[in-house]
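What follows is a set of notes on a single structure, which appears directly below.
The values are calculated or read from the model by the stated rules, or taken from the named source; none is laboratory data. Quantities reported herein were computed from a predicted structural model and do not represent experimental measurements. Don't worry about glycine lacking a Cβ; one is built from the backbone with ideal geometry, like all the others, and counts go over all protein chains shown.
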Amino acid sequence: MAALPAAPIDLPTQTDRPRPTIIQGGMGVAVSGWRLARQVARAGHLGVVSGTAMDAVISRVLQDGDPGGHYRRALAAFPSQDMAQRVLDKYFVEGGRASGTPYKPIPKLTLETARAGQELGVVGNFAEVWLAKEELAEHSSEGAVGINCLEKIQMANPTAILGAMLAGVDYVLMGAGIPREIPQLLRSLASGEPGSISADVAGGSLRRHVTVDPADLLGEDLPTLTKPDFLAIISVDQLANYLHRDPEIRPDGFVVERPPAGGHSAPPRGKMQLDDAGEPVYGDRDEANLAKMTQIGLPFWMAGAYSTPDKVAEALAAGAVGVQVGTLFALSHESGLADGPRGQLIGRLRTGELAVRNDPRASPTGFPFKVATLEGTASQVEVYEARPRLCDLSYLRQPYEREDGEVGYRCASEPVHMYLKKGGEEADTVGRKCLCNGLMANIGLGQERKDGYAEDTLVTLGQDLAGATALIERHPDGWSALEALDYLQEQVAAGLRLRHTA
């Protein structure tokens, strides 16, 4: 039996804090890991961890021996030591698995994920937030930690958010859809009651839900929970206005994300058109009216091409509280990117050759997805075509209603014949990449298979490289998160002056 290191159970709790000027973007999978979020939070801003696939991340880190003992230290602080021990017994390998040994599979997400899968999701997200918040009060009274989840990954979100709340997360951020049910989910969980969200089921005639029950999972070990603030990531002011009108679905603020932002982005409004490079064409309808955002009255932050001091000042002058930035932090020393892909990115940035494509086909969700063009990665056609299609992590599977009324699961990136057998259309499979496995490979946790095949990386960044280009000139060997923060804040005072004189 793997032993837990001795540590007191000392759960951080939320306190009232001033709104941060800088939000470090929540980049998955674990690119915005606890080390990065901790540095940003300790500097007095909002450090954000990814809430995507943390069940897979913690299981694989434990199988690699948990170098440094960080996750085991976090698990020693988990409220239910029985649950923490079950996770350790299942996945921890003293000294790490042998090279070439495949990682163990984990329970797949469904509308009713198996209890072992729920526990792993809760524990994984707890550990990530707990480590980011560790000793935070000793470093800053203003910094905070948030968790970023994708509305598209509905089957994972209730357990991920519960795990984060058990660790005292200060903010929950969510985009890639319309997160109208998250405020009620947070209220329910903070009351210790079951929390549910609706699930999108293709062809479904009945309303389905994904539920997590804190009392059932933790029993007498359930502590009092504090409701975190919720920031809805939106792209246009019309959606912000819709969410604001009804107090039941009203968030505490917004992140207004423009099309150049990394990862998934909202499709263009109306019929999608592609330019000569095969990328979606965005227009004025895809931009939020900032005057109307200000009139709504809730705090908002700008994201997507706000990576330079003058753009930060511009956002502040327009009424924003601050900005959310991803790419500068994804490339920083503290990000979760493995040395290999980060080195390629920094090298191409230094020579001016780094390019990011907004691929309308890469993601099985149907949302455009930013892909950095790098040799030897799934961004290259020959690498993509050489990969055998399979779907074993399955975070982006779509529930669908079968002819017998039961729910099945399919992914447009799985083997084509399997997708068609499940009622999918062949056209939906063209160009689809396996984001789940590619993003795990980005952080050095890619699956190795018994036949010797190892998963290829698939790196996402924002398309705005202005800030990164400026920083590489100052720091040719790369930069730290603190250096990125210092750079971004160079014109904050000027932006605030412009706001007050407008």
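Data table
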read-out	value
Number of the exception - Gly343 against (1) more than 23 Å from the chain's Cα centre (by Cα); (2) within 25 Å of Gly33 (Cα to Cα)	(1)
Lone unmet requirement of (1) within 30 Å of Gly204 (Cα to Cα); (2) at pLDDT 95 or above; (3) assigned to a loop (DSSP other than H, G, I, E, B) for Gln463	(1)
Residue that is farthest from the chain's Cα centre (by Cα), among those in segment 380-437 that are more than 15 Å from Gly366 (Cα to Cα) and of a type in the set (S, T, N, Q)	Gln380
Lone qualifier among Glu151, Glu181 - being surrounded by fewer than 24 Cβ atoms within 10 Å (Cβ to Cβ), of a type outside the set (Ser, Thr, Tyr), touching a Pro at 6+ places or on another chain (Cβ under 8 Å) and farther than 18 Å from Gly33 by Cα	Glu151
Verdict on Arg387 being at pLDDT 95 or above, of a type in the set (D, E, K, R) and surrounded by 15 or more Cβ atoms within 10 Å (Cβ to Cβ)	no
Residue among Asp252, Asp170 that is farther than 28 Å from Arg402 by Cα, within 21 Å of the chain's Cα centre (by Cα) and crowded, with 20+ Cβ neighbours inside 10 Å	Asp170
Enumeration of residues in segment 29-40 that are assigned to a helix (DSSP H, G or I) and either closer than 24 Å to Glu151 by Cβ or modelled with pLDDT under 95 (or both)	Trp34, Leu36, Ala37, Val40
First in segment 387-414 and in a loop (DSSP other than H, G, I, E, B), second anywhere and among the aromatic types (Phe, Trp, Tyr) and crowded, with 16+ Cβ neighbours inside 10 Å, Cβ under 6 Å, 6 or more apart	Arg397/Tyr409
Residue that is nearest to Leu217 (Cα to Cα) [pool: residues in segment 164-202 that are of a type in the set (Val, Ile, Thr) and in a loop (DSSP other than H, G, I, E, B)]	Val169
Only one of Val430, Val407 that is among the β-branched types (Val, Ile, Thr) and out of contact with any strand residue (DSSP E or B) (no Cβ under 9 Å at 6 or more places or on another chain)	Val430
Among (1) more than 24 Å from Ala144 (Cα to Cα); (2) surrounded by fewer than 22 Cβ atoms within 10 Å (Cβ to Cβ), the one test that Lys311 misses	(1)
Single unsatisfied condition, Cys411 versus (1) within 18 Å of Val459 (Cβ to Cβ); (2) crowded, with 16+ Cβ neighbours inside 10 Å	(1)
Condition met for Thr429 (under 20 Å from Glu334 (Cα atoms) and of a type in the set (S, T, N, Q))	no
Verdict on Ile106 being in contact (Cβ under 8 Å) with a residue 40 or more places away in the chain, in a loop (DSSP other than H, G, I, E, B) and under 30 Å from His244 (Cβ atoms)	no
Criterion (hydrophobic (A, V, I, L, M, F, W, C), more than 26 Å from Thr469 (Cβ to Cβ) and either touching a residue at least 24 places away in the same chain (Cβ under 8 Å) or outside any helix (DSSP H, G or I) (or both)) met by exactly one of Leu316, Leu298	Leu298
Residue ID - surrounded by the fewest Cβ atoms within 10 Å (Cβ to Cβ), chosen from residues in segment 109-131 that are not in a helix (DSSP H, G or I) and not acidic (Asp, Glu)	Ala114
Options Tyr395, Tyr306, Tyr400, Tyr384: the member that is closer than 30 Å to Lys422 by Cα, among the hydroxyl-bearing types (Ser, Thr, Tyr) and in contact with a helix residue (DSSP H, G or I) (Cβ under 6 Å, 6 or more places away or on another chain)	Tyr395
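Matching residues to (1) in contact with a helix residue (DSSP H, G or I) (Cβ under 9 Å, 6 or more places away or on another chain); (2) of a type in the set (Val, Ile, Thr); (3) closer than 30 Å to Arg285 by Cβ:
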| site | (1), (2), (3) |
| --- | --- |
| Glu193 | yes, no, no |
| Val201 | no, yes, yes |
| Val236 | yes, yes, yes |
| Tyr242 | no, no, yes |
| Ile249 | yes, yes, yes |
